[in-house]
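A quick write-up on the structure given underneath.
A short reminder: the numbers here are calculations on the coordinates, not readings from a lab. These numbers were taken from a predicted model, which means no experiment stands behind them. Heads up, the Cβs are rebuilt from the backbone with ideal geometry, glycines too, and the neighbour counts pull from every protein chain shown.
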Amino acid sequence: MVMLTTKPEQIDVDFGKTAVIVVDMQNAFAAKGGMFDLAGFDITAADEVIQVNRRLLETARKKRVKVIYLQMTYQPDLSDAGDSSSPNFHKELGMVLMRDRPELDGKLLIENSWDWQIVDELTPQDGDYVVTKSRYSGFVGTNLNSYLRGLGIRHVLFTGVATNVCVDSTARDAFFNEYWPILIEDAMNHSGPDFNRESTLWNFEHVFGWVTNSDQVIEAMERDTN
């Protein structure tokens, strides 16, 4: 066990039973010309977040900490996206944009499209695991929970996009499934006003888990002698 500096208090972490979950670091959410950019969301922080993730994941792999990617994915026929009776149909940004802007039809978050791909700088490596999902939470309709259980994972470190949507949704479900969720705040980017980011971080510091930064995580991993 290694002491990790987090808010609101330090916690002991067994990195042999810890996974880094990289949420939706796809062109859609972090690249010029991707879905967020097309929708007018501010993605200026994305480049810095990508670089933070690169450093963090390099250390995690070196220390044999499991790296798991979540990837928001729709089939080309949208059979997994939900029809008009589904709230996802009405609220998920890609679904809305593809209906409202015909030139984008079939191009946002569709499997094997450019928009869907994980950004080049963070391409999954051998030994990493990719979970595709069609809802905000990585636990809904996927094998994420059974995969984590099979590895004996207890602590989950979260990075990715968006802090206040898919990271928040997945990390809350981690809490409900008896994992210890830890948000790495400088390895994430949010959507909308900054109070969305602040609200998510407050909720996890006080209610759902813990908050830290990449320097603290890297330092703790490097201190781990196991």
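Which one of 97, 201 is more than 16 Å from residue 66 (Cβ to Cβ) and under 15 Å from the mean Cα position of the chain (by Cα)?
Values: 97 fails: under 15 Å from the mean Cα position of the chain (by Cα).
Unique residue meeting the criteria: 201.
Just to be sure I understand, how many residues within the range 23-70 are free of Cβ contacts under 8 Å to residues at least 60 places away in the same chain and surrounded by 23 or more Cβ atoms within 10 Å (Cβ to Cβ)?
0
Is it true that some residue in the range 71-78 is surrounded by 15 or more Cβ atoms within 10 Å (Cβ to Cβ) and among the acidic types (Asp, Glu)?
Let us first name the residues in the range 71-78 that are surrounded by 15 or more Cβ atoms within 10 Å (Cβ to Cβ), namely 71-74, 78.
Narrowing the set further to residues that are among the acidic types (Asp, Glu) leaves none.
No, every residue in the range 71-78 fails to be surrounded by 15 or more Cβ atoms within 10 Å (Cβ to Cβ) and among the acidic types (Asp, Glu).
Can you find a residue in the range 48-63 that is touching a Gly at 6+ places or on another chain (Cβ under 8 Å) and assigned to a loop (DSSP other than H, G, I, E, B)?
no
Could you list all residues from the range 123-141 that are in a loop (DSSP other than H, G, I, E, B), crowded, with 17+ Cβ neighbours inside 10 Å and in contact with a Ser or Thr (Cβ under 9 Å, 6 or more places away or on another chain)? Reasoning before the result, please.
From the range 123-141, those in a loop (DSSP other than H, G, I, E, B) are 123-128, 134-141; that's our starting set.
In the following step, the residues that additionally are crowded, with 17+ Cβ neighbours inside 10 Å were identified as 128, 134-139.
Once the filter is applied, which keeps residues that are in a loop (DSSP other than H, G, I, E, B), crowded, with 17+ Cβ neighbours inside 10 Å and in contact with a Ser or Thr (Cβ under 9 Å, 6 or more places away or on another chain), the range 123-141 yields 134, 135, 136, 137, 138, 139.
If we only count helices (runs of 4 or more DSSP H) wholly inside the range 151-226, which ones have 3 or more residues that are buried (at least 24 other Cβ atoms within 10 Å of the Cβ) and either in contact with a helix residue (DSSP H, G or I) (Cβ under 8 Å, 6 or more places away or on another chain) or among the small types (Gly, Ala, Ser) (or both)?
Values: elements: 168-176, 194-203, 214-223.
Answer list for the range 151-226: 168-176.
Within the range 120-153, which residues are closer than 30 Å to residue 83 by Cβ and among the hydrophobic types (A, V, I, L, M, F, W, C)?
130, 131, 139, 140, 144
Please determine, by comparing only the residues of the range 10-22 that are touching a residue at least 12 places away in the same chain (Cβ under 8 Å) and farther than 14 Å from residue 56 by Cα, which one is surrounded by the most Cβ atoms within 10 Å (Cβ to Cβ). First the steps, then the outcome.
Residues of the range 10-22 that are touching a residue at least 12 places away in the same chain (Cβ under 8 Å), as a first pass: 11, 13-22.
From what's left, farther than 14 Å from residue 56 by Cα: 11, 13-14, 16-17.
Values: 11: 17, 13: 25, 14: 14, 16: 16, 17: 16.
The qualifying residue surrounded by the most Cβ atoms within 10 Å (Cβ to Cβ) is 13.
Can you tell which of 3, 98 is hydrophobic (A, V, I, L, M, F, W, C), farther than 19 Å from residue 189 by Cβ, free of Cβ contacts under 8 Å to residues at least 12 places away in the same chain and not in a loop (DSSP other than H, G, I, E, B)?
On the way: 3 fails: free of Cβ contacts under 8 Å to residues at least 12 places away in the same chain.
Exactly one residue qualifies, and that residue is 98.
Within the range 165-183, does at least one residue satisfy the condition of being closer than 17 Å to residue 213 by Cα, within 14 Å of the chain's Cα centre (by Cα) and of a type in the set (S, T, N, Q)?
So in the range 165-183, the residues closer than 17 Å to residue 213 by Cα come out as 167-168, 171, 180-183.
Narrowing the set further to residues that are within 14 Å of the chain's Cα centre (by Cα) leaves 167-168, 171, 181-183.
Then keep just the ones that are of a type in the set (S, T, N, Q); that gives none.
No, because not a single residue in the range 165-183 is closer than 17 Å to residue 213 by Cα, within 14 Å of the chain's Cα centre (by Cα) and of a type in the set (S, T, N, Q).
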